[in-house]
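Novice: Got a structure here, written out as structure tokens. Questions coming.
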Amino acid sequence: MIRTDYRHFSRLAVAILGRHLPLIALGASVGANLVLSNRLLHATKAAPSTLAIGAVVTPFPAVSIRGDGVLVDYESDLPTVLYYFSPSCGWCERNWANVQALANETKGRYRFLAVSSSAVSADFVRERHLTFEVASQVPRDVIARYGFRGTPQTLVVSKDRRVVHAWTGAYTSSQAAEIEAYFNLRLPGLAKLPAATPATQAVAVVGQGPISLSR
């Protein structure tokens with residue numbers, strides 16, 4: 001009797017396990033991903049940001065607009081202005097005139113370099129009439145190590161690789177005034193958004209946020 005009950009129980013257990021095995025596997029996978037995500041989140045929070053004034057920044061790999069691997073460093077007779085942007089960022093798009101003016105007006109006093117979080121083509125640079133160095137495809141670990149939380153961001157780095165100043169966002173209002181005073185120049189201001197069509201108006205109403213511009 002005991003042996004018969006045991007066999008019956010074994011068959012029942014195998015049937016139940018087989019029926020619910022996909023759900024069990026899915027639950028285990030979700031649990032593992034949650035644990036990993038939590039660890040990564042805490043690791044990111046714990047990682048010191050190099051955006052802090054006085055922090056030392058280090059060279060990092062990137063890709064030139066020609067597609068060559070390059071090393072972004074700060075070996076120059078001049079301090080460096082590092083401008084971090086994203087091609088899909090609407091505020092970055094509106095800020096290009098300010099950035100070009102900053103590069104022009106500080107020539108001879110600073111080395112100007114723009115770096116992108118994703119790929120940037122030669123056409124992208126040519127269409128915006130950018131005359132400074134542009135590198136792209138900055139590795140994610142570098143973005144995390146530098147403490148970049150969004151785009152655009154601007155760093156002033158001394159010749160000994162220390163952060164002298166940092167600004168987050170496009171050059172607007174009081175921040176524009178601060179940048180003008182810091183570099184002793186005048187900025188042209190943000191480019192205006194194109195006239196909204198019914199389609200873009202609908203997107204603006206639904207999204208309730210800045211519209212990413214495209215060429």
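The values are calculated or read from the model by the stated rules, or taken from the named source; none is laboratory data. All values derive from a computational prediction rather than experimental measurement. We place every Cβ from the backbone using ideal geometry, glycine too, and count neighbours over all the protein chains shown.
Novice: Taking the condition at pLDDT 95 or above, in the same structural domain as Arg126 (by TED's automatic domain parsing) and aromatic (Phe, Trp, Tyr), does Tyr74 pass?
Specialist: Numbers: at pLDDT 95 or above: no; in the same structural domain as Arg126 (by TED's automatic domain parsing): yes; aromatic (Phe, Trp, Tyr): yes.
No.
Residue-by-condition table, conditions (1) of a type in the set (Lys, Arg); (2) in contact (Cβ under 8 Å) with a residue 60 or more places away in the chain; (3) closer than 15 Å to Ser121 by Cβ:
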site: Ala55; (1), (2), (3): no, yes, no
site: Ser64; (1), (2), (3): no, yes, yes
site: Gly69; (1), (2), (3): no, no, no
site: Leu78; (1), (2), (3): no, yes, no
site: Tyr84; (1), (2), (3): no, yes, no
site: Pro87; (1), (2), (3): no, no, yes
site: Trp91; (1), (2), (3): no, yes, no
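Novice: For segment 87-133, which positions are basic (Lys, Arg) and in contact with a Phe, Trp or Tyr (Cβ under 6 Å, 6 or more places away or on another chain)?
Specialist: If we filter segment 87-133 for residues that are basic (Lys, Arg), which is where we start, we get 94, 107, 109, 111, 126, 128.
If the condition is that a residue be basic (Lys, Arg) and in contact with a Phe, Trp or Tyr (Cβ under 6 Å, 6 or more places away or on another chain), then Arg128 is the only one that fits.
Novice: Can you work out which of the residues in segment 83-112 that are in contact with a helix residue (DSSP H, G or I) (Cβ under 9 Å, 6 or more places away or on another chain) and in a strand (DSSP E or B) is surrounded by the most Cβ atoms within 10 Å (Cβ to Cβ)?
Specialist: Taking segment 83-112 and keeping what is in contact with a helix residue (DSSP H, G or I) (Cβ under 9 Å, 6 or more places away or on another chain), we get 83-87, 89, 92, 98-99, 102, 105-106, 109-110, 112.
In the following step, the residues that additionally are in a strand (DSSP E or B) were identified as 83-85, 110, 112.
Values: Tyr83: 23, Tyr84: 22, Phe85: 25, Tyr110: 18, Phe112: 22.
Top of the filtered list is Phe85.
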